[in-house]
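Worksheet for the structure shown next.
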Amino acid sequence: MTACAPTVTVVRTSTANLASVLTGFERLGCRVHATDDVGDVAAAERLVLPGVGAFAAAQRAIASHGLEDALRERIERGRPTLGICLGMQLMATGSEEASGVCGLGVFEGVVGGYESGEEGWRVPQMGWNLVSPDARCEIVPRGYAYFANSYRLEVAPDGWLPVWCEYAGRFLAAVERGPVVGCQFHPELSGDYGKALLTRWLEA
Amino acid sequence: MLPVRIIPCLDVRDGRVVKGVRFRGLEDQGDPAALALAYEEQGADEVVVLDVTATPEGRGTRLDTVAAVRARLSVPVTVGGGIGEIGDAAALLEAGADKVAVNTAALRRPALLTDLAARFGSQCVVVSLDALARREDRPGVDSGYEVVVLSGTKPVARDAVAWAREAVERGAGEILLTSIDRDGTRSGYELTLLRAVRSAVCVPIVASGGADSPQHMADAVRAGADAVLAASIFHQGNWTVEEVKGALAALGVSVRPGYSEARTP
């Protein structure tokens, strides 16, 4: 729990599990606010870009509200921003899930798909997997986090601290750059592990 | 493979958790939100909430139950019951579901699965498949398991394995596979059904129906389940989730340990 009840602003993309994210922060004592307003996104003290959904549909939702520049700018300036699952993928250049659709491009990388049925690995990856942060990471802890994804990044972008995980090969479970964090997993659904992560982000 | 997920199931009617045998004779088991939280604290990896009377009564899942569970829970919640169209799924996600389980409506209109996956992604779309063993030859049921809809009341002369394959092709990202013969009987999961569906699809499978012990769960994992669902044994206090996980680990099945910040560097 943090003493001064920070306000967390959550981007309403209309495809996300919004209530899970909102209640997750409420349980940590935060005030929460869902918005698709560009002014709110730019001014937010702490912003979450949540993610359940398809890459193209979510990108379309962001673009239709004119949020791309505001999101890019706050991430470039290092303002506290948390991208969850698809919200992390949207930070990349693009995705094999939607060829021709551009992500925010705050780091270089194209999100790729798992080969279906590869050596008995199920697709989607659905469940709890062990994530291992780079020794310099300050927000993402080591532990089991909940994943639900068919796509992932495999290459650590320059200038970001990587958090690794294994599923049919090594992939990026998360990236950190100061108080800007992208998580392929769902901290809001990761029980006590997730609460520890969110608490550290709120204090970053 | 990931640690096997242990999933307590809350069958809900009129805002209360109920449980019967083979989907009949439902008895009250308690408040959904309180039970869900207790299971999370015991180490549940996920919770499934099924509104068992929604479709038979021709209405959607009660959103207030979902919201009450969500407000307390910080592990994933899958919700099923009465999802007939994309708007029903959107309302459930808005109320607090993380995944939606579609049953009767997907059989009536399989394109619903494609539409749901296009909007929410396959990882959000669960096909809930209730299967009944058929000893006698039945047209269209080659695997020996027939799909039954409307909360186990209506056989539809459709092969369960073939439907599982089609549902995945159309966009389902997980199969919640329930044996009606085993539901509530505590006689173990229907392993032949599990093996048949496992060989047909590569999405995760949640085994459901018949669990009485960790040994049953270990058997299901070896037959191809990625997660095991149970209701009666948890509601009636025979096992806690924590005890189940300890027993599974002793049987050589990988389970998720609890998180302790002190233990992690």
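Odds and ends about this structure:
- Segment B:97-111 residues that are within 14 Å of chain A (Cβ to nearest Cβ) and open to solvent by less than 30 Å² (accessible area, probe 1.4 Å), paired with ones that are of a type outside the set (A, V, I, L, M) and assigned to a loop (DSSP other than H, G, I, E, B) (beta carbon under 8 Å, 6 or more apart): B:Ala97/A:Asn17; B:Asp98/A:Asn17; B:Asp98/A:His186; B:Asp98/B:Pro76; B:Lys99/B:Pro76; B:Ala101/B:Gly81
- Test: A:Arg77 is open to solvent by 10 Å² or more (accessible area, probe 1.4 Å), of a type outside the set (Gly, Ala, Ser) and at pLDDT 95 or above: yes
- Hey, A:Arg122 in a loop (DSSP other than H, G, I, E, B), open to solvent by 30 Å² or more (accessible area, probe 1.4 Å) and free of Cβ contacts under 8 Å to residues at least 12 places away in the same chain or not: yes
- Flag if B:Arg134 is open to solvent by 40 Å² or more (accessible area, probe 1.4 Å), under 13 Å from B:Ser179 (Cα atoms) and of a type in the set (D, E, K, R): yes
- Residue-level check: of (1) surrounded by 24 or more Cβ atoms within 10 Å (Cβ to Cβ); (2) more than 14 Å from chain A (Cβ to nearest Cβ); (3) of a type in the set (Lys, Arg), B:Lys245 misses just (2).
- Any hit, segment A:50-57, residues being open to solvent by 10 Å² or more (accessible area, probe 1.4 Å), under 24 Å from B:Cys124 (Cβ atoms), part of a helix (DSSP H, G or I) and touching a residue at least 12 places away in the same chain (Cβ under 8 Å): yes
- Members of segment A:77-87 found to be farther than 19 Å from B:Ala117 by Cα and in contact with a strand residue (DSSP E or B) (Cβ under 9 Å, 6 or more places away or on another chain), listed by number: A:Gly78, A:Arg79, A:Pro80, A:Thr81, A:Leu82, A:Gly83
- Looking only at residues in segment B:159-178 that are under 15 Å from B:Val141 (Cα atoms) and among the small types (Gly, Ala, Ser), the one that is most open to solvent (accessible area, probe 1.4 Å) is B:Ala162.
- Test for A:Gly143: is it within 12 Å of chain B (Cβ to nearest Cβ) and either open to solvent by less than 60 Å² (accessible area, probe 1.4 Å) or in contact (Cβ under 8 Å) with a residue 24 or more places away in the chain (or both): yes
- Scanning segment A:166-188 for residues that are open to solvent by less than 10 Å² (accessible area, probe 1.4 Å), in contact with a Ser or Thr (Cβ under 8 Å, 6 or more places away or on another chain) and outside any strand (DSSP E or B) gives A:His186, A:Glu188.
The values are calculated or read from the model by the stated rules, or taken from the named source; none is laboratory data. As the structure is a prediction and not an experimental result, all values here were calculated from the model. Neighbour counts run over all protein chains shown; Cβ positions are idealised from the backbone, glycine included. Protein only, heavy atoms only, side chains kept; ligands, DNA and RNA dropped before computing areas. Shrake-Rupley method; radii C 1.70, N 1.55, O 1.52, S 1.80 Å.
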